[in-house]
Amino acid sequence: MRIVMAGASGFLGTRLARRLGDEGHEVVRLVRRAPRAAGEVGWQPSARRLDPAALAGADAVINLTGAGIAAPRWTRRYREVLRASRIDPTTTLATTIAALPPAERPRTLLNASGISCYGDTGDRTVDEHAPLGTGVLPDLCRAWEGATAPAAEAGTRVVSLRTAPVLDRAGGLLKPQLLPYKLGIAGTFGSGRQWVPWIALADWLSAATFLLAREDIAGPVNVTSPEPVTNARFTKALGRALHRPTVMPIPAVALKVILGGFAVEVLHGSGALPGVLTGAGFTFRYPDLDAALRAALGKDQTFSQAS
């Protein structure tokens, strides 16, 4: 397939672009700087500028853009950055797709979203049929997914990738946590009872390519492990994997001082399950957290080959 990708320079984007290329697909990367290589096309999503020719005739578009959620503090300005970095690119792509003649429109748009869309689910687990929650991230996801509407209304299959934090030592959920664990100053966040959804990098990559090929699947898809865990269990599992103690819990009040508004997201969690993927027959290579952590930390050769 000819696949146009936005966000191809990010943590997930670089790995997915490599995998798609290895599978024989042509990957065209949208870049905000001047193109420097074949297979790159310039665009300015903040100004809603994209040459329609970049998408015309493509089989699929993949959008993985978005500023990182885990900022030191969620200032008002950073919340605006979080929103603009997601809504502007998504709107630009969706409206450009919709404006193309039907014969030239991409058949598929895989658009990033977040598992945090459900908000705090308490003790409950939820699947894609659950309503979206309330709060900063659920509201952001609602607008983010809503920005794909022009493409869907024009007949393009839209899949919202409600992605859980990804396990890999090079980025995602693990990278910012490794130093505290190695220093022996790690512990649970708050009560530790809140859900921590997660997914192994190899499974995220496989799920993305699976959804790209499955033209019968559209709408929201929870890209997350079938076994969400509590923060307390995740903390102990990571401590075991690193052979480090986890005896220094961080009280909720301290997290609020350190992280500001982001502390709410750390102290709450979504017990999301991959209902669509499981129902479609997708097989997870790493459904077990301990095995996934060993793989993410480079202790499983099959993971290294997959990523």
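Only the coordinates and a few stated rules stand behind these numbers; no lab work does. Since we're looking at a predicted model, the values are computed, not measured. Positions of Cβ are backbone-derived with ideal geometry, glycine not excepted, and every protein chain shown enters the neighbour counts.
Using Cα springs under 10 Å in a Gaussian network model of the chain, which residue among PRO165, PRO52, PRO89 shows the largest mean-square fluctuation?
PRO52
How high is the relative contact order of the stretch 4-68? Use alpha-carbon pairs under 8 Å, at least six apart in sequence, and give a whole percent.
40 percent
Just want to confirm a number: the relative contact order over the stretch 2-306, from Cα pairs under 8 angstrom separated by 6+ residues, in percent.
18 percent
Which three lengths, in whole Å and largest first, does the chain cover when its Cα atoms are put on their principal axes?
59, 43, 39
For the pair MET248 and GLU153, how long in nm is the line joining their label points, each one 7 Å along Cα→Cβ?
Between MET248 and GLU153, the simple spin-label model gives 5.3 nm.
What FRET efficiency comes out for the pair MET1/ALA34, r = Cβ-Cβ distance, R0 = 30 Å, nearest 0.05?
0.70
Rounded to the nearest 5, what % of the DSSP beta bridges within the stretch 1-157 are antiparallel ones?
Bridges in the stretch 1-157 that DSSP calls antiparallel: roughly 5 percent.
Go through the stretch 52-131 and name the trypsin sites (Lys or Arg not before Pro) that are in a DSSP coil and have 12 or fewer other Cβ atoms within 10 Å of their Cβ.
ARG73, ARG124
Using alpha carbons only, how many degrees (0 to 90, rounded to 10) separate the axis of helix 11-22 from the longest principal axis of the chain?
With both axes taken from Cα atoms, the answer is about 50 degrees.
To check you understand DSSP bridge types, tell me what percent of the beta bridges within the chain (both residues inside) are antiparallel, rounded to 5.
If we restrict to bridges inside the chain, about 15 percent are antiparallel.
Hey, can you rank 206-215, 166-175 by average C-beta count inside 10 Å, highest first?
Taking the mean over residues of other Cβ atoms within 10 Å, the ranking is 166-175, 206-215.
Roughly how tilted is helix 231-242, in degrees to the nearest 10 and between 0 and 90, from the longest Cα axis of the chain?
It works out to around 90 degrees.
Two-decimal Rg/Rh of the stretch 179-256 from alpha-carbon positions, Kirkwood Rh?
Ratio value, two decimals: 1.13.
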